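Q: Submitted below is the structure of interest, expressed as structure tokens.
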Amino acid sequence: MLLPKYRWVVELTKKDLIDYPLAKEHKIIGEILIDSTADRNDTGPQSYLALYLYGRMIIQKPPDFLSFYYEPNEKPYPQLL
């Protein structure tokens, strides 16, 4: 799979939100932003730049500091890509 060199975006969804024939009708509930240059053996927070799920966002800020933001939003939304 061809992916951007430094940052990857993973879209999160549920089966019932993508079970449509047209891609433009698919919905997601969140994203994960990953630093692809992080140590490949690190599965901890160093490789994750941000996580957004249902209005909750966690952002990794160096050095090892996590920020948490919350804005209630339980509605699925269109895919970014």
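Q: Which of the residues belonging to the range 22-60 are of a type in the set (K, R) and either surrounded by 10 or more Cβ atoms within 10 Å (Cβ to Cβ) or at pLDDT 85 or above (or both)?
A: K27, R56
Q: For the range 3-21, how many residues meet the condition of being of a type outside the set (F, W, Y) and at pLDDT below 85?
A: 5
The values are calculated or read from the model by the stated rules, or taken from the named source; none is laboratory data. Keep in mind the model is a prediction, meaning the values are calculated, not measured. Because the Cβ atoms are built from the backbone with ideal geometry, glycine has one as well, and the counts that use them run over all protein chains shown.
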